[in-house]
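Engineer: Would you mind keeping the following structure in view while I ask a few things?
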Amino acid sequence: MSKKTAIVLVSGGLDSATCLAMAKAQGYECYAISFEYGQRSSCELQAAKEITKAADVVEHKIFSLQIGELGGSALTDEHIQVPEEISTGIPVTYVPARNTIFLSYALAWAEVLNGEAIFIGVNALDYSGYPDCRPEYVSAFQRLINLATKKCAEGGAIVLETPLIDLNKAEIIKAGVRLGVNYANTVSCYQAAKSGKACGRCDSCRIRRKGFIDAGVVDPTHYQ
């Protein structure tokens, strides 16, 4: 019997590395997809390559997009400072429509491969408050999948899997450790150095560091 096929979005960060490990553990034959979209921390793509190689995925595609040219986010616009203090509301690190664009590419590839699932490591607990990480967004995109694809229109199914959606960061880390994820290879920092070293001050670094403390796991992050 042939294995089930899944497209897994891999950013190079802690969550996506864990999500990939979970997809593998569920018996999926994994195809990884990453994006160069003008992000500050381009070193995360090197991390994505290392993560996918270690996971022995079938194929890893990296697409170059120009959404960073639209501006509007501290992650793509050098003129907008990455906040290092806790802020309220949706932070300036939110990249407009990013997950919608990324998932659309993943969905197209899933159709080409006749895949059964798309995995994305969005989380609604320990996260920065992005609107495209909420359960409501996931449900809405699943409805789009059901309506917009040839496979679903002909009676098949492509399921949008979000195994981290209800886990806090400590639970995610514990799950990844059980599955053998090497978190030293991951980059989560919003403004990491070219070497991959994290700033230790941004929102993502704070959440990540607290996650390792709460999980009782040694933090292997390389800090500046």
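Nothing in this text is a laboratory measurement; each read-out follows from the coordinates by a stated rule. Keep in mind it's a predicted model, so treat the numbers as computed, not measured. All Cβ positions, even for glycine, are placed from backbone atoms using ideal geometry, and neighbour counts span all protein chains on display.
Engineer: What residue, of Ala97, Ala117, is among the aliphatic types (A, V, I, L, M), out of contact with any helix residue (DSSP H, G or I) (no Cβ under 7 Å at 6 or more places or on another chain) and on the phi < 0 side of the Ramachandran plot?
Structural biologist: Only one candidate qualifies: Ala117.
Engineer: Just checking, does segment 182-195 include any residue being touching a helix residue (DSSP H, G or I) at 6+ places or on another chain (Cβ under 8 Å) and among the charged types (D, E, K, R)?
Structural biologist: yes
Engineer: Suppose we keep only residues that are surrounded by 18 or more Cβ atoms within 10 Å (Cβ to Cβ) and among the hydrophobic types (A, V, I, L, M, F, W, C) within segment 189-200. Which one would you say is nearest to Pro135 (Cα to Cα)?
Structural biologist: Applying the first criterion (surrounded by 18 or more Cβ atoms within 10 Å (Cβ to Cβ)) to segment 189-200 yields 189-192, 196, 198.
Okay, now just the ones that are also among the hydrophobic types (A, V, I, L, M, F, W, C), so 189, 192, 198.
Numbers: Cys189: 24, Ala192: 29, Ala198: 29 Å.
The qualifying residue nearest to Pro135 (Cα to Cα) is Cys189.
Engineer: Find the residue count for segment 207-221, including only residues that are part of a helix (DSSP H, G or I) and either in contact with a Phe, Trp or Tyr (Cβ under 8 Å, 6 or more places away or on another chain) or surrounded by 15 or more Cβ atoms within 10 Å (Cβ to Cβ) (or both).
Structural biologist: 8
Engineer: Please return the ranges of helices (runs of 4 or more DSSP H) entirely within segment 130-188 where 2 or more residues are touching a residue at least 40 places away in the same chain (Cβ under 8 Å) and surrounded by 15 or more Cβ atoms within 10 Å (Cβ to Cβ).
Structural biologist: Numbers: elements: 135-148, 150-153, 169-178.
Fully inside segment 130-188 and qualifying: 169-178.
Engineer: When you go through Phe63, Phe102 one by one, which is the residue that is in a strand (DSSP E or B) and of a type in the set (Phe, Trp, Tyr)?
Structural biologist: So the residue among Phe63, Phe102 that is in a strand (DSSP E or B) and of a type in the set (Phe, Trp, Tyr) is Phe63.
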